[in-house]
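Enquirer: Pasting a structure here, questions to come.
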Amino acid sequence: MIISVCIVGVYSQSCPEQCVCRFSKITCSGETSSLTKFPEIESENWIRVIEVVNTNITSLQEGNVILPTVPRLIQLSLYSNGIKTLNNSMFVNNTLIEKLSLHNNILQFIPSNSFKPLKNLVYIDLGRNEIQVIESNAFMENKNLEFISLKLNAIRDVHPLTFNGLINLTTLDLSFNNISEFPIGRLQHHLSNLRYLTIGNNFLLDIQTTDQGLESCQQLVLESNLITTLQNFSLIGFPNLFSLFLISNFITRIDPYIFGSSEHPLVVLNLGNNNLEDLPVFLFRNLPLLRHLYLQNNKITTVPKEAFVKNSFLQNLDLSSNTIHTCHPLSLQGLTNLRTLKLSYNNLTDLSVEMFDSSFESRIWFYGNYWRCDCKMYDIQQRFKVNPELILGMTCFDPIDERGVDVMKVMFVKYCGDQPDVTMTLSTTDAAFSSDNDALFHDVIFFIFGVVIVARLIILLSGFGRSRRVFLWKSCAA
């Protein structure tokens, strides 16, 4: 308790006016105070983090501020201050800074000269500014950088030497800019350890890569661009890619060898919200480790035979919101580890029960289709009656009197009988009926034959008697 009081006492003595000090952090916010000048921060060993945010300090905006020496400062946040530029000497007294945020200001260029003293910088956030051009060697002196965010700027072009020397960089975010070309193939030597590259929400028309690409890259985000085609070998420079996000482009065609002619270890592929009309099944056959495949909101009409036959590790498959009207009975063959299958909001009216073998235990989303509850659907009901929880949203559209009824609750006997039992009964009855008819026919024949024989005997006997009476009469007369 005594120690705590002493610490609070020290903080209260050195805490700048209109700021809040807690533990090793100073927070000066324009939302809770009316700061008109940069806080007077004393050189104290306890200070590790400084936040000056949401202010309207003119000297800070115009680049007239030089930070005082804070010997143990490692994190500085200057977001949402309307900063236009930085003084070249702003950080000369605080070279131990590891994390710097200049998010949500109005910088129009990267103040690389200001960053030169920051040899220990690991993380920098320059997002939501007005930067249009990135100079070559912009971070040349910051070789320890691991994370750079330049999202939500107005960047048009990226010079091949922009990230020169950043051999430790693992994450680069360039999303929400105006980039139309990105020199992926020429960055390999400078970004040899890059793992996460995000260039989403730009104006890329295609992907430019070479076999000297980014071998260390594990995640590539290219969503919401203007890409229409993925050509063979276009991503050959990403041999170790784990996940690829191409959602919300205008892709109509994907060639089978975008990663090259060999099998690729991709695990996550998102192709949702594009213009695909056919499944790129030959591409899938080169992705044997694929586990998550998203194809929602395309224009796919059919799921062909053995579409995923090489994707035995696939766990999640999303085909919702397409125009699928036909699924081949063997379309799901090979998906031995599938957990979720989404076929909602398509044009399906029926499915073959052969799609779901006895080992199939995936949950299936069927909402928003046009299911016709006839005898064919009876087979689906019987297949899943033991575990109906696997079927979600499968309700009848036809016939009209069953519309909206869960397929698992339909009394199909009204339309086609209890098919297996009825068929068996009919066969047995037919056989019995046939057998009885045969016996009756034979009995009738024998009866008629007997009647004929008896009649002939009676006639013969009556004729014999008459002849004998005549003979006796003639004998007596003589």
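Enquirer: When you scan region 43-74, how many residues do you find that are of a type outside the set (A, V, I, L, M), assigned to a loop (DSSP other than H, G, I, E, B) and touching a strand residue (DSSP E or B) at 6+ places or on another chain (Cβ under 7 Å)?
Expert: Going through region 43-74 one residue at a time, the tally reaches 2.
Enquirer: Quick one: would you say Y345 is modelled with pLDDT of 95 or more and among the aromatic types (F, W, Y)?
Expert: Yes, satisfied.
Enquirer: Considering each residue of region 109-121, count those that are surrounded by fewer than 18 Cβ atoms within 10 Å (Cβ to Cβ), modelled with pLDDT of 95 or more and not charged (D, E, K, R), and give that number.
Expert: Within region 109-121, residues that are surrounded by fewer than 18 Cβ atoms within 10 Å (Cβ to Cβ), modelled with pLDDT of 95 or more and not charged (D, E, K, R) number 1.
Enquirer: Still on this structure, I have one more. Return yes or no: is L314 free of Cβ contacts under 8 Å to residues at least 60 places away in the same chain, hydrophobic (A, V, I, L, M, F, W, C) and assigned to a loop (DSSP other than H, G, I, E, B)?
Expert: Spelling it out, L314 is indeed free of Cβ contacts under 8 Å to residues at least 60 places away in the same chain, hydrophobic (A, V, I, L, M, F, W, C) and assigned to a loop (DSSP other than H, G, I, E, B).
Enquirer: While we're on this one: What are the residues in region 33-56 that are over 12 Å from N81 (Cα atoms), within 47 Å of the chain's Cα centre (by Cα) and of a type in the set (D, E, K, R), if any?
Expert: Within region 33-56, R48 is the sole residue that qualifies.
Enquirer: Here is a list: G185, G165. Which entry is outside any loop (DSSP other than H, G, I, E, B) and surrounded by fewer than 20 Cβ atoms within 10 Å (Cβ to Cβ)?
Expert: G185
Enquirer: Filter region 363-397 down to the residues that are crowded, with 18+ Cβ neighbours inside 10 Å, among the hydroxyl-bearing types (S, T, Y) and either in a loop (DSSP other than H, G, I, E, B) or in contact (Cβ under 8 Å) with a residue 40 or more places away in the chain (or both) and list them by number.
Expert: Y378
Enquirer: Follow-up. When region 243-259 is examined, which residues are found to be surrounded by fewer than 17 Cβ atoms within 10 Å (Cβ to Cβ), in a loop (DSSP other than H, G, I, E, B) and of a type outside the set (V, I, T)?
Expert: Once the filter is applied, which keeps residues that are surrounded by fewer than 17 Cβ atoms within 10 Å (Cβ to Cβ), in a loop (DSSP other than H, G, I, E, B) and of a type outside the set (V, I, T), region 243-259 yields F250, D255, P256.
Enquirer: Looking at N322, N297, which one is crowded, with 16+ Cβ neighbours inside 10 Å, at positive phi and assigned to a loop (DSSP other than H, G, I, E, B)?
Expert: From the options N322, N297, the qualifying one is N297.
The values are calculated or read from the model by the stated rules, or taken from the named source; none is laboratory data. Keep in mind the model is a prediction, meaning the values are calculated, not measured. When we count neighbours, we look across all protein chains shown, and the Cβ atoms used for this are built from the backbone with ideal geometry, even at glycine.
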